[in-house]
1. Part of a helix (DSSP H, G or I), at pLDDT 95 or above and farther than 21 Å from residue 12 by Cβ: is that true of residue 96 in this structure?
2. What's the number of the only condition in (1) touching a helix residue (DSSP H, G or I) at 6+ places or on another chain (Cβ under 9 Å); (2) within 18 Å of residue 16 (Cα to Cα); (3) surrounded by fewer than 16 Cβ atoms within 10 Å (Cβ to Cβ) that residue 44 fails to meet?
3. Using the structure shown, decide if residue 37 is more than 14 Å from residue 73 (Cα to Cα), under 15 Å from the mean Cα position of the chain (by Cα) and at pLDDT 65 or above.
4. Could you give me the residue pairs with C-beta distances under 7 Å whose first residue belongs to segment 87-108 and is closer than 14 Å to residue 57 by Cα, whose second residue is in a helix (DSSP H, G or I) wherever it lies, and which are 6+ apart or on separate chains?
5. Residue 82: surrounded by 14 or more Cβ atoms within 10 Å (Cβ to Cβ), assigned to a loop (DSSP other than H, G, I, E, B), in contact with a helix residue (DSSP H, G or I) (Cβ under 8 Å, 6 or more places away or on another chain) and free of Cβ contacts under 8 Å to residues at least 60 places away in the same chain, yes or no?
6. Please work out which residue is nearest to residue 90 (Cα to Cα), limiting yourself to segment 1-34 and to residues that are exposed (fewer than 11 other Cβ atoms within 10 Å of the Cβ), modelled with pLDDT of 70 or more and touching a helix residue (DSSP H, G or I) at 6+ places or on another chain (Cβ under 8 Å).
7. As an exercise: evaluate residue 61 against (1) at pLDDT below 90; (2) within 19 Å of residue 100 (Cα to Cα) and give the number of the one condition it does not meet.
8. For the structure I just gave you, tell me whether residue 56 is assigned to a helix (DSSP H, G or I), out of contact with any helix residue (DSSP H, G or I) (no Cβ under 6 Å at 6 or more places or on another chain), surrounded by 15 or more Cβ atoms within 10 Å (Cβ to Cβ) and in contact (Cβ under 8 Å) with a residue 12 or more places away in the chain.
């Protein structure tokens, strides 16, 4: 793990642990993320803090994970990079799940 990622985890109060990063230019990353999460849920009993972007389909992927694997998501953190309307859409999607979630600011 790079020093900048360690700093991010520490500053945000997140536990150190495995990070599964993706290639920004690969197609099908949303589907890949869902498959990886499903596999992890099957092979471990760990609980997850899921971090993603509002500008992608991460909130929808994480909502599906929470519904399919109850009790496995500890919290959801979404980097707010979309419009105010998208933020409201994400809030409407995540609120009923019963899993703590929050928004992280977009990088300056």
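1. The answer is yes for residue 96.
2. Against the list (1) touching a helix residue (DSSP H, G or I) at 6+ places or on another chain (Cβ under 9 Å); (2) within 18 Å of residue 16 (Cα to Cα); (3) surrounded by fewer than 16 Cβ atoms within 10 Å (Cβ to Cβ), residue 44 comes up short only on (1).
3. No; evaluated as a whole, the condition is false for this residue.
4. If the second residue must be in a helix (DSSP H, G or I), the pairs left are 90/59; 93/59; 93/60; 93/63; 94/59; 94/63.
5. Yes, satisfied.
6. Here the answer is 15.
7. With respect to (1) at pLDDT below 90; (2) within 19 Å of residue 100 (Cα to Cα), residue 61 is out only on (1).
8. So residue 56 fails the test.
The values are calculated or read from the model by the stated rules, or taken from the named source; none is laboratory data. These numbers come from a predicted model, not from an experiment. Here the Cβ is made from the backbone with ideal geometry for all residues, glycine too, and neighbour counts use every protein chain on show.
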